[in-house]
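The values are calculated or read from the model by the stated rules, or taken from the named source; none is laboratory data. Note that the structure is a prediction, hence the values are computed from the model and not measured. Note that we place each Cβ from the backbone using ideal geometry, even for glycine, and neighbour counts take in every protein chain shown. Heads up: the accessible areas ignore ligands, DNA and RNA and are worked out on the full protein's heavy atoms, side chains in. Shrake-Rupley method; radii C 1.70, N 1.55, O 1.52, S 1.80 Å.
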Amino acid sequence: YKFSAPGAGYRLLEKEFDFASAAGKTYATSYGISYDPITDGFTFIDALVSSNAYVADMHEIDAEAILNETDADGFGYTGTEDAAFNRTSVINGYSSIHSPNWKGQVFVGEKLYIVDDQGLVAEAKISEERITNAKQLYATYPSNYGIANGICSDPDDPTMLYVVDWQIAFDWIDVSDGGGRIISIDISNDTVELDEDGVLTENYWEVNVIYDGNGDVQDQNGENERAIIPYDCTVSNGIIYMTEVAPFIGEEITFLSYYDIEAGKLWYNTDVIDFGAWPITSFEDTLIVGLPGLLEATSVAVSVMNNDGTRSPFQVITTIDSTIANDFRIQSLAIDYQNGVITVNGNDAAGTENSYFRFIQSDDLIMKVDTPTTTDDTVVIDSTEETES
């Protein structure tokens, strides 16, 4: 499944989804969004913002409704209001003062995996609208600063998840001080132990740190060593592709980082990206990133694989703004490969922090894919964005 050359075959739709309005709330924010090929919908979870009483629940809009002219306002929206994703009831020992601030998310079959900024990775069974498994990545809370941000899965090995984090406090971010981390999670052992109240007490996922931020990383030419601070990730053809936190690292631009899973090699590439990008997603060998609108116009850009096996530089396919938000900042992307739609999730950075979704249609996306009908058929799409691979 491939897109055409960057810039061709992409159309920004006029429709815009207002999360708060649809949910009947004053404040409604989500940092991540994922496409669920089983329900044919885009799923997103409430994130914590500095606003009213906070409840973390699951929400979804219907993918086909996005293209349906008779459903211009409703988007087939559904949502829950039972606090099913509040982490205080998920894992034993969590302090009630720490509200879940869900970031990246990725579907693996019928299960949604989400990570919050303080290192809790949770598994949610969408059909039951509840969290069924979870693991804390860090032994202690990393103060009040956000850490983990992106989560992605390997479409060639759906038992493996990868989380990227900043590791260091937001105000201190500088590549000279060390980088972020890349963490792998083997979810093949899904056994859980619960206490008498049904609260999770033990999880058997295997966690390993691939990159701890302390080693210098070279560019594609084996030169210019530097630390990397990954922001989001996606996996394509055995490579973990990562954007970096930008522009908060003392540089006006950042680079695309690569980790070869089989070879165990990490490097960054200075040739394919020359602007700060936040979310990244992929479909086969096509990469899509979002420019949040800090140093450049808020945009979406695409990179494809050339015939000689090299990757093309990212090219902007469209700029994006909101008809509602005062300052639209892209947070995550998700691809619906059955209907040919890219959903762009952005927040109002100059106002309520509420989320608004814009949509890009691609006529060049081949959609000859059967929708999975059983849980044995594993389809992996990650987004961020907190997150689609």
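What to note about this one:
- Residue identified as modelled with pLDDT of 85 or more and within 30 Å of Ala22 (Cα to Cα) among Thr298, Thr310: Thr298
- Among the residues examined, Val217 does not qualify as farther than 16 Å from Ala124 by Cα, open to solvent by 70 Å² or more (accessible area, probe 1.4 Å) and among the β-branched types (Val, Ile, Thr).
- Taken over region 299-324, the criterion of being open to solvent by 20 Å² or more (accessible area, probe 1.4 Å), β-branched (Val, Ile, Thr) and assigned to a loop (DSSP other than H, G, I, E, B) is satisfied by Val304, Thr310, Thr323, Ile324.
- Applying the set (1) at pLDDT 90 or above; (2) closer than 25 Å to Lys103 by Cβ; (3) in a loop (DSSP other than H, G, I, E, B) to Gln331 leaves exactly one unmet item: (3).
- Qualifying residue in region 126-142 (condition: under 13 Å from the mean Cα position of the chain (by Cα), crowded, with 17+ Cβ neighbours inside 10 Å and modelled with pLDDT of 80 or more): no
- The set of residues in region 276-297 being open to solvent by 20 Å² or more (accessible area, probe 1.4 Å) and either closer than 23 Å to Leu12 by Cβ or basic (Lys, Arg) (or both) consists of Trp278, Glu284, Leu294, Leu295, Glu296, Ala297.
- Complete set of residues in region 98-124 that are among the aliphatic types (A, V, I, L, M) and over 18 Å from Asp156 (Cα atoms): Ile114, Val115, Leu120, Val121, Ala122, Ala124
- Residues of region 325-360 satisfying the condition of being of a type in the set (D, E, K, R) and surrounded by 23 or more Cβ atoms within 10 Å (Cβ to Cβ): Asp336, Arg358
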